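Student: One structure coming up, written as C-alpha cells, with questions to follow.
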C-alpha cells in the first residue's frame, strides 16, 4: 500500500460515514468528530472501516491519536510503513 492509497482509504471512509462532507476541506489539525459532527458510534464505524481496509485495528486507547487527519495519517503510516 502506498501513502496515496492510504489517503484515499481515509477519505473514502470519511465520505462513507458522512456522505455530505467534503473531507478535502478538513484542516490537518482539525478534530474530525467536531468538524463533521460525528457521534461516537459513527466515529467508531469510521475506524472499523479504515481498519478493515488497512488491516490495522485501532484500540480504544488510541482514539485520541487518530482524532485529526494528521494524527490518523501518522498513526496508520507508522504501522504500514515501519522504519527499516
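Student: I'd like the orientation of helix 69-80 relative to the chain: the angle between its Cα long axis and the longest Cα principal axis, in ° from 0 to 90, rounded to 10.
Tutor: 30
Student: Please tell me the relative contact order of the chain in percent, rounded to the nearest whole number, where contacts are Cα pairs under 8 Å and at least six residues apart. If you can, show how the numbers build up before the last one.
Tutor: On the way: 63 pairs, mean separation 27.9, N = 84.
Rounded, it is 33 percent for the chain.
Student: For the residue pair residue 57 and residue 1, what label-to-label distance in nm results when each label sits 7 Å from Cα along the Cα-to-beta-carbon direction?
Tutor: Placing both labels 7 Å beyond Cα along the Cβ direction yields 1.5 nm.
Student: Per residue, what volume in Å³ does the convex hull of the Cα atoms of the chain enclose?
Tutor: Taking only Cα atoms, the chain has a hull volume of 89 Å³ per residue.
Student: Once the Cα atoms of helix 3-17 and of the chain are each reduced to a long axis, what angle between those two axes, in degrees from 0 to 90 to the nearest 10, is obtained?
Tutor: Relative to the chain, helix 3-17 is tipped by roughly 30 degrees.
Student: Sorted by mean Cβ packing within 10 Å, highest first, what order do the peptides 4-14, 19-29 take? Intermediate values should be presented prior to the final figure.
Tutor: Numbers: 4-14: 16.5, 19-29: 11.2.
My ranking of the peptides, most packed first, is 4-14, 19-29.
Student: Which angle from 0 to 90°, rounded to the nearest 10, does the C-alpha axis of helix 40-54 make with the longest principal axis of the chain?
Tutor: 30
Student: Can you show me the helix-derived [θ] at 222 nm for the chain, built from DSSP H runs with n ≥ 4 at -39,500 (n - 2.57) apiece and divided by the number of residues, rounded to the nearest 500.
Tutor: On the way: 4 runs with 47 residues, N = 84.
After summing the helix terms and dividing by the residues of the chain, the value is -17500 deg cm²/dmol.
Where a number appears in this text, it was derived from the coordinates with a stated rule and is not lab data. Not measured: the values here are computed from a predicted model. Cβ: placed from backbone, ideal geometry, glycine included. Neighbour counts: every protein chain shown.
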